[in-house]
Every structure is written in structure tokens, then in C-alpha cells.
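Step one of this worksheet: look at the structure below.
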Amino acid sequence: MVSISEIRAHNATIKKLGSGLVAVFVGGTSGIGLSTAREFTRNATAPHIYLIGRNESQASQIITELRGINDSAQVSFIKTDVSLLKSVDEACQEIGKKEEKVNLLFMTPGVLTMQGRTETSEGLDRKLSLHYYARMRFVQDLLPQLNVAGSSGSLARVISVLGPGNEKKLVETDLDLKTNYSLSNAAGHAITMNSLSLIHFAATNPSVSFLHSNPGGVQTNAARELNPILKGITSLLFLLLKPFPTSSIGIVPLSESGERHTYAATTSLFSPKNQNVATTGADGEKGSGAYRLGFDTAPIDSKQSSSVLVKDYLANGVGKKVWEHTTDIFNKATGSEGK
Ligand SMILES: NC(=O)c1ccc[n+]([C@@H]2O[C@H](COP(=O)([O-])OP(=O)(O)OC[C@H]3O[C@@H](n4cnc5c(N)ncnc54)[C@H](OP(=O)(O)O)[C@@H]3O)[C@@H](O)[C@H]2O)c1
């Protein structure tokens, strides 16, 4: 576990990464995304912050707050429903018009819901799109700007916050779960496909690093779509678990989650070519540029069953199959594979 004192000491040095870092927070209007945007803004010099979400009134309060924390920060809000891949393309075009490089793409869009398959107008399940397809489309669309940052030796990092360590077997014949939908399959597919596709991106973009992070249990607004009874049970659970330290059960206070993810976003430990930290690659080798992190901000043990599953899937061509499926979905939804 990376200690919170180590994390705070590192975050205080972020200014050394230079002025004008560009950071895009997809899902930056609430929860872990907002908490991370706050810590990043506090510690960076003259950063350009993009918040992407739907809640405009919340966003305008956040913009005021972030400018109060750091008056050198430029903060913009892009209002859009990112469950639609065409909207993802439009948001990225807007960023691309203003920024030559992107240093950090931080993604937390999501919903906690007990609803079954709910299709968007592009024919994707909304939850699966927010947790997987839209995120990978953001990566695909912003790769040119991420590579500009990385190839000049600057910070160039992608973080998707979901659930590594909980990868599950895929229904390989129905990756978008048209007919095999269940809440458990939807969670498992989103998590496993995040891990596999981030590894795919790392293999083809050697100057950018790609992190899949499990935040642990963090009390946020994520339960807002649950019915009042489930919402009450969730709040009660967090209340009962509050006295336990982060290290014992994986419940992480919201502000600490922001600090931990700001560290993950900026530490040189998770740089693309670090040979000294366990990464997830074709054979689990070091230096692949892809990392799966636990709630403690440390790489997940390569002997854990989920890590073995990911390695097996890479060795048996399932990672390739998932990427081909994803490209196919991109084509159908938007008419293009992306850049
Ligand atoms: N909290 C936890 O304990 C926990 C544990 C494991 C995994 N996770 C995962 O971590 C991620 C972040 O969770 P969180 O707890 O920070 O959630 P949260 O507080 O509910 O934040 C979710 C963010 O996603 C955005 N969003 C949702 N639907 C959107 C849409 N259609 N278009 C654009 N933006 C949308 C929301 O913005 P708007 O409302 O402005 O649209 C909000 O900024 C989620 O994927 C969650 O599954 C969380």
C-alpha cells in the first residue's frame, strides 16, 4: 500500500512537471472525478482543466471553486451525455480545437443502477457504454494529443476508474451482452474489457501510460439512481465502516481518493517505460505501459486469479477479439473507427 504521507509528499511536487498541463476529467462533476480534479488543480501550475458531464449548475459551482483553489487554472466545462459515442467525438473535437496536447485523460463516468439492459439510441446498453465503450472512444479520439505530450517527454497518462481485480470470464460470443445481459455480466464485461483494451492501447502507444484503477469503496453520489431503501442501506454501510482505516477494508474517504488518484496520475512510477513496477502486458512483463491498480494505489498482484485471467486472455487472442469487437461497435455507432 502506498501510504497517504508518501502520496501527499509526492503531490506537493507536481509543480515540477511544468506549467500548463492539460487534464480532461470525464465525469469530473461528481465523486472520484471531482475529488481528483480538485487535488490536481490545487497542486499544478496554470493547468487547463476540462470537466465533462451533464450537470451544468454543479459544473459552474465547481469552476468557481477550482479557480478559488488555484487562480492560475483555466477551467472549462463541456456539457454532454457521453453514453453516446457521437457525443464523445464532438467533445474531443472541441478539446482538439483548443489543445495540441493532452497530459491526462481521467475517466469516471458511470451509474450505479439495478435496471436491466437499457439501450441508447446507438443500440448500446447505457451502463456498458459509460463504463467501457465511451471511455475507449475518448482514448481513441484523444490519442493524437496524448502522443504529442508523451513524445515530447511530458506527462501522458490515461486513467479509467472501475474495477481491476474483479475481471470475470467473458461471454465471448456476445461481448455487448445483447442477449446475455445481467448486472453481474455487465459489470464483469466492462471491467475485463477495460483491462484488455487499455493493454492494447499501451502496446501501440509507447509514450503514453494506461492505468485501470479500482478505487475501493468511496462514498459519492453514485447511488443516486438507486431506490430510497438501497440508497439508505448504502449510506448506513459507509457510516458503519467509517471508523476503519483505509488499509484494513478498502473503504477510502472521498478526499483521500482524489489524493490517491492525483498521485497515480502524476507519479513517475507509472510512466510508460518503468521497468521496476509490475505492469500488465502480453506476458505480464514489466515496462508494458499498462497498470492495474488496487484501492491502495499499488499494482494488483500478478498471481491473483483476475490477473491470471487477463494474462490468459491476452495469450489466447481474446484481447485482440475484444478490440476488434470494440472497433466494430465504434464503426456502427459513429461511422468511423476513430483516429
Ligand atoms: N464510489 C465507489 O465506491 C466506486 C467503487 C468501484 C467503482 N466505482 C466506479 O468509479 C466510477 C466513478 O464513481 P463515482 O463514485 O465517482 O460516481 P459519481 O459520483 O456518480 O460520478 C459519476 C460521474 O459520471 C458522470 N456521468 C454519469 N452519467 C453520465 C453521462 N451519461 N454523460 C456524462 N457524464 C455522466 C456524472 O456527471 P453528471 O451527473 O454531470 O452527468 C459524474 O460526474 C464509476 O464508474 C463507478 O462505477 C466507484
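The values are calculated or read from the model by the stated rules, or taken from the named source; none is laboratory data. Keep in mind that what you see is a predicted model, and the values were worked out from it rather than measured. Heads up, the Cβs are rebuilt from the backbone with ideal geometry, glycines too, and the neighbour counts pull from every protein chain shown. Please note that ligands, DNA and RNA were not included when accessible areas were found on the heavy atoms of the full protein model with its side chains. Shrake-Rupley method; radii C 1.70, N 1.55, O 1.52, S 1.80 Å.
Determine the sum of side-chain charges near Ala265: Lys and Arg each +1, Asp and Glu each -1, restricted to other residues whose C-beta is under 11 angstrom from that of Ala265.
Values: positive: Arg157, Arg260; negative: Glu39, Glu259.
Summing Lys/Arg as +1 and Asp/Glu as -1 gives 0.
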With springs connecting C-alpha atoms under 10 Å apart, model the chain as a Gaussian network and identify which of Arg54, Arg38, Arg157 has the largest mean-square fluctuation.
Arg54
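Using only helices, what value at 222 nm comes out for the chain when you add -39,500 (n - 2.57) per DSSP H run of length 4 or more and divide by the total residues, to the nearest 500 deg cm²/dmol? Present the calculation step by step, with values, prior to reporting the outcome.
Details: 11 runs with 148 residues, N = 339.
Here the helix-only value at 222 nm equals -14000 deg cm²/dmol.
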³J(HN,Hα) across segment 37-43 via Karplus (A = 6.51, B = -1.76, C = 1.60, θ = phi - 60°), whole Hz, x for Gly/Pro?
4, 4, 5, 5, 4, 4, 9
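Subtract the Cα-Cα distance of Ser3 and Lys332 from 0.36 nm times their separation in residues, and report this length gain in nm to one decimal.
On the way: separation 329, 0.36 × 329 = 118.44 nm, distance 4.50 nm.
Stretched out fully, the Ser3 to Lys332 stretch lengthens by 113.9 nm.
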Read phi for every residue in segment 128-143 and hand back ³J(HN,Hα) as whole Hz from Karplus 6.51 cos²θ - 1.76 cosθ + 1.60, θ = phi - 60°, with x for Gly and Pro.
5, 5, 5, 8, 10, 4, 4, 4, 5, 5, 4, 4, 4, 5, 9, 4
Checking Gly165, Gly217, Gly27 against a Gaussian network model of the chain (alpha-carbon springs below 10 Å), the top fluctuating residue turns out to be Gly217
Are there GluC sites (Glu not before Pro) in segment 73-150 that DSSP marks as loop and that have at most 12 other Cβ atoms within 10 Å, and which are they?
Glu100
Residues with amide H under 5 Å of Leu105's amide H, sequence separation 5 or more or different chain, H placed in the peptide plane at 1.01 Å from N; which?
Val24, Arg157, Val158, Ile159
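Determine the sum of side-chain charges near Thr45: Lys and Arg each +1, Asp and Glu each -1, restricted to other residues whose C-beta is under 15 angstrom from that of Thr45. Intermediate results must be reported in sequence, preceding the final value.
On the way: positive: Lys15, Lys16, Arg42, Arg67; negative: Glu39, Asp71.
Value of the local net charge: +2.
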Using a basic spin-label model with each label point 7 Å from the Cα along Cα→Cβ, how many nm lie between Phe244 and Thr13?
3.3
Accessible area per residue in Å² at 1.4 Å probe, computed on segment 4-329
41
Residues with beta-carbon under 12 Å from that of Pro109, excluding Pro109: net charge, scoring Lys, Arg +1 and Asp, Glu -1?
+4
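Rounded to the nearest 5, what % of the DSSP beta bridges within segment 4-329 are antiparallel ones? Don't skip to the end; give the middle numbers.
Numbers: 2 of 32 bridges.
Roughly 5 percent of the DSSP beta bridges within segment 4-329 come out antiparallel.
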Calculated from backbone phi, Karplus (6.51, -1.76, 1.60) coupling profile of segment 174-185 in Hz, x at Gly/Pro
8, 5, 8, 6, 4, 10, 10, 6, 8, 4, 5, 5
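Ignoring ligands, DNA and RNA, please state the percent of accessible area on the chain from carbon and sulfur, probe 1.4 Å. Walk me through the numbers on the way to the answer.
Details: 7620 of 14250 Å².
Looking at the chain in its full context, I get 53 percent from C and S.
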